[in-house]
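Trainee: My questions will all concern the structure given below.
The values are calculated or read from the model by the stated rules, or taken from the named source; none is laboratory data. Quick caveat: nothing in here was measured; it's all calculated off a predicted structure. When we count neighbours, we look across all protein chains shown, and the Cβ atoms used for this are built from the backbone with ideal geometry, even at glycine.
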Amino acid sequence: MKDRSHGLALGVSFLLLLIVAGIAQSDREKNKTTVVSHLPGFDGPLPFSLETGYVEVDDRNGVRLFYYFVQSEANPAEDPVLLWLTGGPGCSAFSGLVYEIGPLSFQPDSYTGGVPELVYRPDSWTKVANVIFLDSPVGAGFSYSATDQGYKSCDTKAVDQIAIFLTKWYEEHPQFLSNPLFIAGDSYSGLIAPPLTFQIAKGIEMGDKPLLNLKGYIIGNPLTDRKFDLPARVPYAHRMGLISDEQYEV
């Protein structure tokens, strides 16, 4: 039964991914952002503002990063802007949108074939923040390169390209420049968010434009250094009372 449920979840999420792929392809062909008000499988108009689009971060190789932007459902003019980086490396921001902190999910229990039923998630972080879900590094999700060379990436290059993305995104969305900015993510983003935040902070000190209102970074279950992270799990579990003294001593 567990395997069957897992397969069903994969099938439903794949269908939903195909729906979003159509939006991404439209953005790519038209080279512009798209405001999405309706989605197949969702009953009625979306109860939040969803925008998708591409930003070019390497003009030599035609590297373009795809994003989903959901405005805050409370006060988008003043609420923080959160850049969400999914782990991996190489996982699509789609997972953050429908599995982690976004306002959409799907109802696998009612799935009988065809387009899956989309449902609204009332505990989304977008209730209090403007969230940019970014497909990074290039090759993740719908982000792509026009050349093979452009797909050659590393953590340092990913950080540089995300910084370029933010600069260009804010140039297209200047109304959010005064909002507090937080760099956020989970898992492998523990290796990306801190250096990205540091790079942005250095740019602010040097007077780079546009001037971002950076406030900090947020990382959950982060990877920082495998040599320290993995061996630290057992002592951490012991200190948190998750395993007994006897188990720890073994």
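Trainee: Would the stretch 18-34 turn up any residue that is surrounded by 11 or more Cβ atoms within 10 Å (Cβ to Cβ), on the phi > 0 side of the Ramachandran plot and at pLDDT 85 or above?
Mentor: The answer is no; no qualifying residue exists.
Residue-wise test of (1) outside any strand (DSSP E or B); (2) surrounded by 18 or more Cβ atoms within 10 Å (Cβ to Cβ); (3) small (Gly, Ala, Ser); (4) out of contact with any Ser or Thr (no Cβ under 6 Å at 6 or more places or on another chain).
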| residue | (1), (2), (3), (4) |
| --- | --- |
| His38 | yes, no, no, yes |
| Asp43 | yes, no, no, yes |
| Pro47 | yes, no, no, yes |
| Glu51 | no, no, no, no |
| Glu56 | no, no, no, yes |
| Phe66 | no, yes, no, no |
| Phe69 | no, yes, no, yes |
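Trainee: For Asp155, indicate whether it is closer than 23 Å to Ile219 by Cβ, of a type in the set (Asp, Glu) and touching a strand residue (DSSP E or B) at 6+ places or on another chain (Cβ under 7 Å).
Mentor: Judged against the criteria, Asp155 is not a match.
Trainee: List every residue pair whose Cβ atoms lie under 9 Å apart, where the two residues are 6 or more positions apart in sequence or sit on different chains, the first residue falls within the stretch 53-72 and is touching a residue at least 24 places away in the same chain (Cβ under 8 Å), and the second residue, located anywhere, is of a type in the set (Lys, Arg) and crowded, with 22+ Cβ neighbours inside 10 Å.
Mentor: Close Cβ pairs (under 9 Å, with a partner that is of a type in the set (Lys, Arg) and crowded, with 22+ Cβ neighbours inside 10 Å) amount to Tyr54/Arg64; Val55/Arg64; Glu56/Arg64; Val57/Arg64; Asp58/Arg64.
Trainee: Go through (1) assigned to a helix (DSSP H, G or I); (2) in contact with a helix residue (DSSP H, G or I) (Cβ under 8 Å, 6 or more places away or on another chain); (3) not acidic (Asp, Glu) and name the single condition Gln175 misses.
Mentor: Of the numbered conditions (1) assigned to a helix (DSSP H, G or I); (2) in contact with a helix residue (DSSP H, G or I) (Cβ under 8 Å, 6 or more places away or on another chain); (3) not acidic (Asp, Glu), the odd one out for Gln175 is (2).
Trainee: State which residue is farthest from Pro180 (Cα to Cα) when the search covers only the stretch 44-94 and only residues that are among the polar types (S, T, N, Q) and touching a Gly at 6+ places or on another chain (Cβ under 9 Å). Show your work before the answer.
Mentor: Applying the first criterion (among the polar types (S, T, N, Q)) to the stretch 44-94 yields 49, 52, 61, 71-72, 75, 86, 92.
Filter once more, keeping what is touching a Gly at 6+ places or on another chain (Cβ under 9 Å): 61, 86, 92.
Numbers: Asn61: 32, Thr86: 20, Ser92: 25 Å.
Among residues in the stretch 44-94 that are among the polar types (S, T, N, Q) and touching a Gly at 6+ places or on another chain (Cβ under 9 Å), the one farthest from Pro180 (Cα to Cα) is Asn61.
Trainee: Among the numbered conditions (1) farther than 23 Å from Ala184 by Cβ; (2) in contact with an Asp or Glu (Cβ under 7 Å, 6 or more places away or on another chain), tell me where Leu65 comes up short.
Mentor: (1)
Trainee: Which ones in the stretch 125-166 are among the polar types (S, T, N, Q) and surrounded by fewer than 17 Cβ atoms within 10 Å (Cβ to Cβ)? Talk me through it step by step, then tell me what you get.
Mentor: Just the residues of the stretch 125-166 that are among the polar types (S, T, N, Q), to begin with: 126, 130, 136, 143, 145, 147, 149, 153, 156, 161.
Result: Thr147, Gln149, Thr156.
Trainee: Shifting gears a bit: Select from the stretch 106-128 the residues that are assigned to a helix (DSSP H, G or I) and of a type outside the set (D, E, K, R) and write down the one among them that is farthest from the chain's Cα centre (by Cα).
Mentor: The extreme case among them is Ser110.
Trainee: What number of residues within the stretch 106-119 are surrounded by 14 or more Cβ atoms within 10 Å (Cβ to Cβ) and out of contact with any Gly (no Cβ under 6 Å at 6 or more places or on another chain)?
Mentor: Residues flagged as surrounded by 14 or more Cβ atoms within 10 Å (Cβ to Cβ) and out of contact with any Gly (no Cβ under 6 Å at 6 or more places or on another chain) within the stretch 106-119 amount to 4.
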